[in-house]
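Quick note: the coordinates plus some simple rules give every number you see, no bench work behind them. Predicted, not measured: the structure shown is a model, and the values here were computed from it. In this analysis, Cβ positions are derived from the backbone assuming ideal geometry, glycine residues included, and neighbour counts consider all displayed protein chains.
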There are 4 protein chains.
Amino acid sequence: MIIVMKHGTTQKQIDQVIENIAHMGYESHLIVGVARTVVGAVGIGDKSRLTALESLEGVEQVLPIMQPYKLASRETKPENTVINVDGLHIGGDEIVLMAGPCSVESEEQILHIAREVKSSGAAILRGGAYKPRTSPYSFQGLEEEGLRLLAKARKETGLKIVTEVISPATVEKVAEYSDILQIGARNMQNYMLLKEVGKSRKPILLKRGMAATIKELLMSAEYIMSEGNYNVILCERGIRTFETETRNTLDISAIPVLKKLSHLPVVIDPSHAAGHWYYVEDLSLAAIACGADGLIIEVHHTPETAASDGPQSLKPEKFSSLVEKIRPLAAAKGKKLCFIEN
Amino acid sequence: MIIVMKHGTTQKQIDQVIENIAHMGYESHLIVGVARTVVGAVGIGDKSRLTALESLEGVEQVLPIMQPYKLASRETKPENTVINVDGLHIGGDEIVLMAGPCSVESEEQILHIAREVKSSGAAILRGGAYKPRTSPYSFQGLEEEGLRLLAKARKETGLKIVTEVISPATVEKVAEYSDILQIGARNMQNYMLLKEVGKSRKPILLKRGMAATIKELLMSAEYIMSEGNYNVILCERGIRTFETETRNTLDISAIPVLKKLSHLPVVIDPSHAAGHWYYVEDLSLAAIACGADGLIIEVHHTPETAASDGPQSLKPEKFSSLVEKIRPLAAAKGKKLCFIEN
Amino acid sequence: MIIVMKHGTTQKQIDQVIENIAHMGYESHLIVGVARTVVGAVGIGDKSRLTALESLEGVEQVLPIMQPYKLASRETKPENTVINVDGLHIGGDEIVLMAGPCSVESEEQILHIAREVKSSGAAILRGGAYKPRTSPYSFQGLEEEGLRLLAKARKETGLKIVTEVISPATVEKVAEYSDILQIGARNMQNYMLLKEVGKSRKPILLKRGMAATIKELLMSAEYIMSEGNYNVILCERGIRTFETETRNTLDISAIPVLKKLSHLPVVIDPSHAAGHWYYVEDLSLAAIACGADGLIIEVHHTPETAASDGPQSLKPEKFSSLVEKIRPLAAAKGKKLCFIEN
Amino acid sequence: MIIVMKHGTTQKQIDQVIENIAHMGYESHLIVGVARTVVGAVGIGDKSRLTALESLEGVEQVLPIMQPYKLASRETKPENTVINVDGLHIGGDEIVLMAGPCSVESEEQILHIAREVKSSGAAILRGGAYKPRTSPYSFQGLEEEGLRLLAKARKETGLKIVTEVISPATVEKVAEYSDILQIGARNMQNYMLLKEVGKSRKPILLKRGMAATIKELLMSAEYIMSEGNYNVILCERGIRTFETETRNTLDISAIPVLKKLSHLPVVIDPSHAAGHWYYVEDLSLAAIACGADGLIIEVHHTPETAASDGPQSLKPEKFSSLVEKIRPLAAAKGKKLCFIEN
């Protein structure tokens, strides 16, 4: 930590800062500049409590130098983490496509879409059984029945399953039916839930909150990892900005930034970012070219009657055409699409 | 809902829209303009599923006309809601001050601060027992022991207690020890938690999420109210913007906007908005002049050693001086400070 | 400047940084931490070129310690600046109200509104002659004819005039007819214009750009002051955020932050912040309670036919009622309203 | 325009709205819903003045249905605009790379970099002669001498020149020396400057302001086009958000959105978006995959001593390696790189 003193600070105020730093177990190093004195606090361990020194007289600000995450950091683990999802690998040389409807609506619907996306090249089926909806009056998901339908689709197609978990109490049940547990954007800082999925050993798809910084996303990954579950897949799905032409603003830069700061795989959700199916293809191609390890895309065969997120769902034929455009880009990046054998 | 058709739409595409609207149970009314045709969907009930019509060919966009919240709306209930907290009223002619430390740290600490803020004019004691922290390595609160210390402070001072609840499983326990349950900003869209506190009959202090719109805040209030708990106090605590001089940007306009759209009381948290004690006084005065029903302020007697949020905590003497500045402003607004008799 | 080295940096890389710092004329001071080495650059003068060191290998980031503005800083001039506008003072114990239409539309209109706002308590008449409009097809202002009408209103009422200047070439002409030159939000970083008004000696009302940080606003003030014109009035008028209930988000915290960092007066524009007349009163009261030195408010007697900004204009009777609510708040702050004798 | 009436509006209020609409020359069409009445205003021409109806009693809001830009709209001109820059085409099947230093610093510097970027595959040389800098104390550019050096580099290498113009008075001079006039992000709404470059016939590279919506960018293009200059190249260079890991947030979605709404070419500036050279490569590849017509990239051979923007400049060898990665992606999109023969 760097403690910046105010212009015109007294020696007594500086001594008080040094004393407080010593009291917390760190050493102080001074840099006396022309207009400002700066105190560096040096030592081992978490220095976050040092921010409280901003309350001392004469202190202008406290600047952190180190990142507060450790297990998620590339400094701790320089090589990429490759996550094994029951034989399928995320974070390595293969690009993984996850696709499916926003919500599981019926057996006919989920099986139909599962077959379609598999034949196009998806390896993982997405579909919500428990739906966090902005309105209490909107469709809230089929819940356990939805999980059973997903499991049925897995059995029939061989696709792996990713589905959202929205409360600590249902983690175990959702884990029973699925291969990857998804933490939604609205729950990125639901720490009770993060701790609970941290106790599981299932891979976690952790979505970035719509106002979360990249560092906060890594701190949430750290919550999961600090409980012993290192299988965290980071997912950028658009952040909230002033622009309203798209539902959210896809922060494409999050890919190289996350890759630089962390060893964890990064997946992009172009559907929620765009909010309209028309833009999903171009954003998907951008993500692959930018280095994403995979995509999670909403697909529905009759989006105009979908229970949720209809406007942003691709029809199966559009998804299929998108996959064909991804192949040469993946090749240009030295990667290939992961696929599930029949 | 207003469905705006694209320039050059065919009659067949318009007919398809009308058919889908009829299928969902609504009537269609057309406005044929010079460059655009617009279809209005008229009828009773939730029209949110109509947004899926954006997937139809020829549709440019679907514009909602009605607000999606009902119980929280001033249209439903024109008069202000006044919430009774065990004899103390929030939302009427009295301004309510809530004050106390970010975290309960020890018996000595919470009792000391409780006595101080009461003697200055606070009516409610705040203090966190369960702390949602960005880092898993930061202090996470004293948990149930913290709740017991809060109850002890209530018994000794007569102050009411507001404290945060962070998981559905602990709602009952927290309700046992406190007078108001706080839903923190990070949990504003934790719908499982909202539903659970909706089943309680304790007043709820619902904090706006840092990237939540005013309408989304009202939708979260609607979640609680739709479970039968109408005692919701809305709290603006700063939103996330590009400005970094303050921790968040206090959206002071939220006060008149919420008062116009809803009948629920509105409280301001200047401490989290500012992130630095120095700005808390001016923001507090602004909030009162703007029509807030109360304030929730962080106070700590030794902020430089606080376990959390030290930089934004007022010392007791600053809090006392702030209260004295609030009095004439309250009077100018025709209000007075609520107080607890000894 | 603080140069933070990467984890695992070599001595050679550190030496390279020190050499570059020396080459730019500064001294280096090292702090060798447990996980990071930090280099402080000490010396006199502008250190902004040091940011280029981020290009050197081994450098993680360069953190500025000092503010880049000098003339606008309270460190340079601790006492408040009080600006004399032809006998009327802004920044002292009096609160100054500026009011009038968005655009000057006709002699009848501007004289009518001028008389109204004066009788209610305004001291300065606002009105646009040159209008920066988002659309090239919208009304662009009466230009020089508008300036003449403003001068006529001044002659008749004694009100001072504030009006916007939008190009370097017209600064002289606008200065001829008005008492304060306004730089609009969209021109806050139009440096050619800032330099030109810096050569004038008229007071400048400098509006914050809608995505400008508080520091950038002060840097723009610095541009004007560095040309010799120290009469700069800062104006917060709302920033752009994700919230859409209001046209912009009034950053009320900008008042205490600007007062802390700078000695210049601060005025609030609640009309552009809110974008709707209904919210103007509450925001105005908040601004006064928060310490603003004045307000600039749009007033129009027939807003439903206004050439621009109708929705956010107060009718004269609403303005009058607002002024009466401001008086007791001003008194509570130990201030009074500035007024123009008849 | 759609005028939404409040819940419980009286017939008299509706009649008043209809009368005002008629007075402005439009016809009214009513949709009487269950809870709301909606009035559609139909007719030819700019309806922006109808927004003033929000001031009428009983009106809740006025919703625009049509886009306010015409010349820039794809509805007006469905086929792509291909701009001819002295024989080189932007907006067609070729991808155009613009590269060079932030500022022209010396003859040696600009010639050295020009030769390097040309040999790597750039077709256009960028370089600032007039620099809009946040601080008045930072390097402001070599001005006319800089223009002469750019012209010299063009003569020697055959590269076309793009350089920024920052005031109406210098448009003619800058046009004399360069092939494309750049309007910087801070001047996107400097309407005097837009009108002036609109009178020129040189191609204009119009950068999006950092808080400008996509529609506002198109409105600024409309300003230029309404003066007769249809050669506008749109440039996305990052918008301002809460994320601080990158200097700005590249809004990659702007590419497909602009392509849908407009026929104008779209170029991406990854350097200003990222603010750090390390991220420039991945963002460049994303932009090409997403459908950009070109890139404008900062390149400097000694970025650690650059007069401006050092941290975000690529070294020539990195630029060269980036171009080699662009080639296969361009091929995958059915495009090739535009090049300048020796």
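Fewest to most neighbouring Cβ within 10 Å: what's the order for C:His23, C:His29, D:His301? Show your work: numbers first, answer last.
Working: C:His23 10, C:His29 20, D:His301 16.
Exposure proxy ranking, most exposed first: C:His23, D:His301, C:His29.
Would you kindly derive the ³J(HN,Hα) couplings of the stretch A:101-108 from the backbone phi angles with the Karplus curve 6.51 cos²θ - 1.76 cosθ + 1.60 (θ = phi - 60°), listing them in order in whole Hz, with x for Gly and Pro?
Result, ordered by residue: x, 4, 10, 6, 10, 6, 4, 4 Hz.
With Cβ to Cβ distances under 9 Å as the rule, what net charge do the other residues near D:Leu217 carry (K, R +1; D, E -1)? If you can, show how the numbers build up before the last one.
Details: positive: D:Lys207, D:Arg208, D:Lys215; negative: D:Glu216, D:Glu236.
Net local charge, D:Leu217 excluded: +1.
If each label sits 7 angstrom from Cα along the C-beta direction, how far apart, in nm, is D:Lys173 from its counterparts in the other copies?
For D:Lys173, the other copies' label points sit at 2.2, 7.4, 7.4 nm, shortest first.
What order do you get for B:Lys160, A:Lys325, B:Lys12 when you list them from fewest to most C-beta neighbours inside 10 Å? Don't skip to the answer; put the middle values down first.
Values: B:Lys160 23, A:Lys325 17, B:Lys12 9.
Lowest to highest Cβ neighbour count: B:Lys12, A:Lys325, B:Lys160.
Please list, in order along the stretch A:118-132, the HN-Hα scalar couplings obtained from phi with the Karplus expression 6.51 cos²θ - 1.76 cosθ + 1.60 (θ = phi - 60°), rounded to whole Hz, x for Gly and Pro.
Here the 3J(HN,Hα) series is 5, 5, 7, x, 6, 10, 10, 9, 9, x, x, 9, 10, 10, x Hz.
Put +1 on the Cβ of each Lys and Arg and -1 on the Cβ of each Asp and Glu in the stretch A:83-337; which of A:Met98, A:Gly238, A:Ala332 then has its Cα farthest toward the positive end of the dipole?
A:Ala332
Among D:Met192, D:Val267, D:Leu218, whose Cα lies farthest out toward the positive end of the dipole of the stretch D:190-295, if unit charges sit on the beta carbon of Lys, Arg (+1) and Asp, Glu (-1)?
Going by the Cα projections, it comes out as D:Met192.
Once the label point is placed 7 Å from Cα along Cβ, list for A:Lys199 the distances to the corresponding points in the other copies, in nm, shortest first.
With the label placed 7 Å along Cα→Cβ, A:Lys199 yields 2.0, 7.3, 7.4 nm.
Could you work out how much longer the chain between C:Ile340 and C:Lys199 gets when fully extended? Use 0.36 nm per residue separation minus the Cα distance between them, nm to one decimal. Write down the numbers at each step before the final one.
Values: separation 141, 0.36 × 141 = 50.76 nm, distance 2.86 nm.
Here the answer is 47.9 nm.
Compute the helix-to-body angle for C:280-290: its Cα long axis versus the longest principal axis of chain C, expressed 0 to 90° and rounded to tens.
50 degrees
Could you tell me which GluC sites (Glu not before Pro) in the stretch B:79-127 are loop residues by DSSP with no more than 12 other beta carbons within 10 angstrom of their beta carbon? Kindly include the intermediate steps, with their values, before the conclusion.
Numbers: sites: B:Glu79, B:Glu94, B:Glu105, B:Glu107, B:Glu108, B:Glu116; in loops: B:Glu79, B:Glu105.
For GluC sites (Glu not before Pro) across the stretch B:79-127 that sit outside H, G, I, E and B with at most 12 neighbouring Cβ atoms in 10 Å, the list reads B:Glu79.
Using a cut-off of 12 Å between beta-carbons, work out the net charge of the residues near D:Ser321 (Lys and Arg +1, Asp and Glu -1, D:Ser321 not included). Show your work: numbers first, answer last.
Values: positive: D:Lys315, D:Lys318, D:Lys325, D:Arg327; negative: D:Glu281, D:Glu317, D:Glu324.
Charge balance in the 12 Å sphere: +1.
The stretch C:213-309: which GluC sites (Glu not before Pro) are DSSP loop and have at most 12 other beta-carbon atoms within 10 angstrom? List each step's numbers first, then the result.
Values: sites: C:Glu216, C:Glu222, C:Glu227, C:Glu236, C:Glu243, C:Glu245, C:Glu281, C:Glu298, C:Glu304; in loops: C:Glu227, C:Glu243, C:Glu245.
Of the GluC sites (Glu not before Pro), not one in the loops of the stretch C:213-309 has a Cβ with at most 12 other Cβ atoms within 10 Å.
Please list 3J(HN,Hα) in residue order for the stretch B:14-27, calculated via the Karplus relation 6.51 cos²θ - 1.76 cosθ + 1.60 where θ = phi - 60°; whole Hz, with x for glycine and proline.
Per residue, the Karplus-derived 3J(HN,Hα) values read 5, 4, 4, 4, 4, 5, 5, 4, 4, 4, 8, x, 10, 9 Hz.
I need to check one value: relative contact order of the stretch C:284-342, counting alpha carbon pairs closer than 8 Å and at least 6 residues apart, in percent.
Values: 45 pairs, mean separation 18.4, N = 59.
Answer for the stretch C:284-342 is 31 percent.
What are the nm distances, shortest first, from C:Gly92 to its equivalents in the other copies, labels at 7 Å along Cα→Cβ?
Once sorted, the set of distances for C:Gly92 reads 4.6, 6.9, 7.8 nm.
Please state the relative contact order of chain A as a whole percent: Cα pairs under 8 Å, 6+ residues apart? Please list the in-between numbers first.
Working: 719 pairs, mean separation 57.4, N = 342.
About 17 percent, as a whole number.
Look at the axis of the rotation that sends chain A onto chain B, then give the chain A residue with the nearest Cβ and the distance in whole Å.
A:Ala211, 1
For B:His272, C:His7, D:His263, which order do you get if you count the other beta carbons within 10 Å of each Cβ and list the fewest first? Display every interim value, and only then the final one.
Values: B:His272 25, C:His7 15, D:His263 20.
Final ranking by Cβ density, sparse to dense: C:His7, D:His263, B:His272.
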